[in-house]
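The next block holds one structure in the form of structure tokens; read it before the comments.
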């Protein structure tokens, strides 16, 4: 079974400042600490679990981003992925989800026939949850989004428990299929010491737009229908605000006022 | 100028979901502003009553696809029906809920139509856009407004060149309002049996477990919300005690949910629920823009924070500078005394 994991190196949004943005509204990635997008790690775990159950399977990790995104492909190798590459090219820059999913789907197509694609539901820097379903559409694959648990897999079908608004459902998709994985799925296994030793010095291949069959017009900012019109630093409309000291008297007065106004 | 279309979701009881009624209310405003028709699409099984229930919300035309294969929701059959409908009708704007259904369907349709899609908008307006490079002006364009990246900014997104302009909106962000109880519209049947194919059956539902919703803070009149500043799950217990005393519900920021202080259903903000209580008490919440987007319409806001300069204080009616773990017990005492 040929399995692909789509992963993204993302800025650690817990440590973000306002100068993380460029003037044109795109993200200044160079200035930020990065992490393996958490749900993509969980997607990797689900892929590795399929490989455990289906001996002879291979797991290939694809990421799109600057050359330094090779770090997460390497990390995935340490955890059990068989190979992977970085899709990196200035012509991909400024892509919205449509142009991103186009480039990624062409990269997947360049691998020949694939049985299963896993990716995180969404990346923590955008939270759009769009690239997974868009890659599925471009490759004309059925999609299972919001996957929480791998129930069963065979060489013909995969059964997944997925999250609904108020509950879950078990669905079975014929292969090939694409699965997006949520944070409720099992955490990824740790890197193996012997894999660390074996692959630490291995170069991660970089592929450009020239290595995959693409229409350049559909890449990057040119291929992106959405444009950032305006970025505003939020200046809050100042309300008439009262600052109180944390004294019993002040709280007594406040709570009395709220009761009198029928708010409490 | 072409029309505004809303994709309507159905509840387990086969009624139109609140999120879709909220979108119809917003869609009505946009359609009126543009001088076009508001249209909706309902795909499901035995949905005639649900489709008709949309008229009071100002919907002019409801496209109805009625087929057993369309219920419960599955991606491919709905994608096939709605994708084809949009291709034929060429609406100017299409709105989806940012629900597990809308977030599954909308991106697949955007990819198919090669159009733009903006996720989790907090406001939608009609305006003009001038391209900075070409100087070309685009009138009557949909301004898709959403907090973005990191929490300190609000981005306005436009899709000037492609149609339709598509956006998703979370439940509770827009208001649901009856437009006119006597408003009349048309039902337009779609030939689902002719559109759906065996290939649309690639995913089968084996079983479903629908949970009673355990926690629903959306309509709570009083909310006591905690942030990462509460420090621990144990400290969050104090918020539950406080909320129980004053008849409120407990909410949280994303940081607090991510840290495991409380359940995800309590998350308030852009990627959680949007609330408009009469009183919002923010405890140990700094006030990232994504969080404020989900609570800044609260009638009264009290902030309890050790930091006198926390961003949330700027929208608070009252700021109490101090540690929530100390201030809340004092507040509870003061409240009990004043009730006597």
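The values are calculated or read from the model by the stated rules, or taken from the named source; none is laboratory data. In this text the structure is predicted, and so the values were computed from the model without any measurement. Here the Cβ positions follow ideal geometry from the backbone for every residue, glycine too, while neighbour counts run over all protein chains shown.
Just one residue in the set A:50, A:59 is farther than 23 Å from residue B:166 by Cα, more than 14 Å from every other protein chain (Cβ to nearest Cβ) and outside any helix (DSSP H, G or I); that residue is A:59. Here the condition is being within 32 Å of the chain's Cα centre (by Cα), more than 9 Å from every other protein chain (Cβ to nearest Cβ), modelled with pLDDT of 95 or more and under 24 Å from residue B:275 (Cα atoms); of B:328, B:304, it holds for B:328 alone. Does residue B:193 count as in the same structural domain as residue B:69 (by TED's automatic domain parsing) and either more than 29 Å from the chain's Cα centre (by Cα) or part of a helix (DSSP H, G or I) (or both)? Criteria met by residue B:193. Taken as a whole, the stretch B:90-98 holds no residue that is assigned to a helix (DSSP H, G or I), on the phi < 0 side of the Ramachandran plot and either in contact with a helix residue (DSSP H, G or I) (Cβ under 8 Å, 6 or more places away or on another chain) or surrounded by fewer than 24 Cβ atoms within 10 Å (Cβ to Cβ) (or both).
Could you count how many residues in the stretch A:1-37 are at pLDDT 95 or above and outside any strand (DSSP E or B)? Explain how you work it out, then say what you get.
In the first step, residues of the stretch A:1-37 are kept if they are at pLDDT 95 or above; the result is A:1-9, A:36-37.
Subset that is outside any strand (DSSP E or B): A:1, A:8, A:37.
Residues flagged as at pLDDT 95 or above and outside any strand (DSSP E or B) within the stretch A:1-37 amount to 3.
Where strands (runs of 3 or more DSSP E) sit wholly within the stretch A:110-164, those with at least 2 residues that are touching a helix residue (DSSP H, G or I) at 6+ places or on another chain (Cβ under 7 Å) and within 23 Å of residue B:199 (Cβ to Cβ) occupy A:116-120, A:143-153.
Can we say residue A:206 is more than 9 Å from chain B (Cβ to nearest Cβ) and crowded, with 18+ Cβ neighbours inside 10 Å? Against the criterion (more than 9 Å from chain B (Cβ to nearest Cβ) and crowded, with 18+ Cβ neighbours inside 10 Å), residue A:206 does not qualify.
Out of (1) over 17 Å from the mean Cα position of the chain (by Cα); (2) farther than 21 Å from residue B:26 by Cα, the odd one out for residue B:140 is which? Failing condition for residue B:140: (2).
Might you let me know whether the stretch B:119-133 holds any residue that is in contact with a strand residue (DSSP E or B) (Cβ under 6 Å, 6 or more places away or on another chain), outside any helix (DSSP H, G or I), within 8 Å of chain A (Cβ to nearest Cβ) and in contact (Cβ under 8 Å) with a residue 40 or more places away in the chain? Looking for residues that are in contact with a strand residue (DSSP E or B) (Cβ under 6 Å, 6 or more places away or on another chain), outside any helix (DSSP H, G or I), within 8 Å of chain A (Cβ to nearest Cβ) and in contact (Cβ under 8 Å) with a residue 40 or more places away in the chain, one finds at least one in the stretch B:119-133, hence yes.
From the list A:228, A:181, A:151, which residue is within 30 Å of residue A:94 (Cβ to Cβ) and more than 7 Å from chain B (Cβ to nearest Cβ)? Please lay out each step first, then the result.
Values: A:228 fails: more than 7 Å from chain B (Cβ to nearest Cβ); A:151 fails: within 30 Å of residue A:94 (Cβ to Cβ).
Just a single option satisfies the conditions, and that option is A:181.
Have a look at B:264, B:269, B:227 and point out the one that is away from chain A (no Cβ under 12 Å) and either at pLDDT 95 or above or touching a helix residue (DSSP H, G or I) at 6+ places or on another chain (Cβ under 7 Å) (or both).
On the way: B:264 fails: away from chain A (no Cβ under 12 Å); B:269 fails: away from chain A (no Cβ under 12 Å).
After applying the criteria, what remains is B:227.
Kindly indicate whether any position in the stretch B:169-184 is more than 28 Å from the chain's Cα centre (by Cα), more than 10 Å from chain A (Cβ to nearest Cβ) and surrounded by fewer than 19 Cβ atoms within 10 Å (Cβ to Cβ). Checked the stretch B:169-184: no residue is more than 28 Å from the chain's Cα centre (by Cα), more than 10 Å from chain A (Cβ to nearest Cβ) and surrounded by fewer than 19 Cβ atoms within 10 Å (Cβ to Cβ).
Determine, yes or no, whether residue A:252 is at pLDDT 90 or above and more than 23 Å from residue B:323 (Cβ to Cβ).
Numbers: at pLDDT 90 or above: yes; more than 23 Å from residue B:323 (Cβ to Cβ): no.
Considered against the rule, which asks whether it is at pLDDT 90 or above and more than 23 Å from residue B:323 (Cβ to Cβ), residue A:252 comes out as no.
Residue B:29 meets the conditions (1) without any contact (Cβ under 8 Å) to a residue 24 or more places away in the chain; (2) under 28 Å from residue A:160 (Cα atoms) in every case but one. The failed one is (2). Within the stretch B:216-246, the set of residues being over 20 Å from residue B:297 (Cβ atoms) and assigned to a loop (DSSP other than H, G, I, E, B) comprises B:231, B:232. Applying the selection to the stretch A:174-202, what residues are outside any loop (DSSP other than H, G, I, E, B) and exposed (fewer than 13 other Cβ atoms within 10 Å of the Cβ)? Within the stretch A:174-202, A:193, A:194, A:197, A:198 meet the criteria.
Being within 14 Å of chain A (Cβ to nearest Cβ), crowded, with 21+ Cβ neighbours inside 10 Å, within 18 Å of residue B:190 (Cβ to Cβ) and touching a residue at least 40 places away in the same chain (Cβ under 8 Å): is that true of residue B:41 here? First the steps, then the outcome.
On the way: within 14 Å of chain A (Cβ to nearest Cβ): no; crowded, with 21+ Cβ neighbours inside 10 Å: yes; within 18 Å of residue B:190 (Cβ to Cβ): yes; touching a residue at least 40 places away in the same chain (Cβ under 8 Å): yes.
Against the criterion (within 14 Å of chain A (Cβ to nearest Cβ), crowded, with 21+ Cβ neighbours inside 10 Å, within 18 Å of residue B:190 (Cβ to Cβ) and touching a residue at least 40 places away in the same chain (Cβ under 8 Å)), residue B:41 does not qualify.
Residue A:132 meets each of the listed conditions (1) surrounded by fewer than 24 Cβ atoms within 10 Å (Cβ to Cβ); (2) in contact with a strand residue (DSSP E or B) (Cβ under 6 Å, 6 or more places away or on another chain); (3) farther than 20 Å from residue B:209 by Cβ; (4) at the interface with chain B (Cβ under 9 Å from one of its Cβ atoms) apart from (1).
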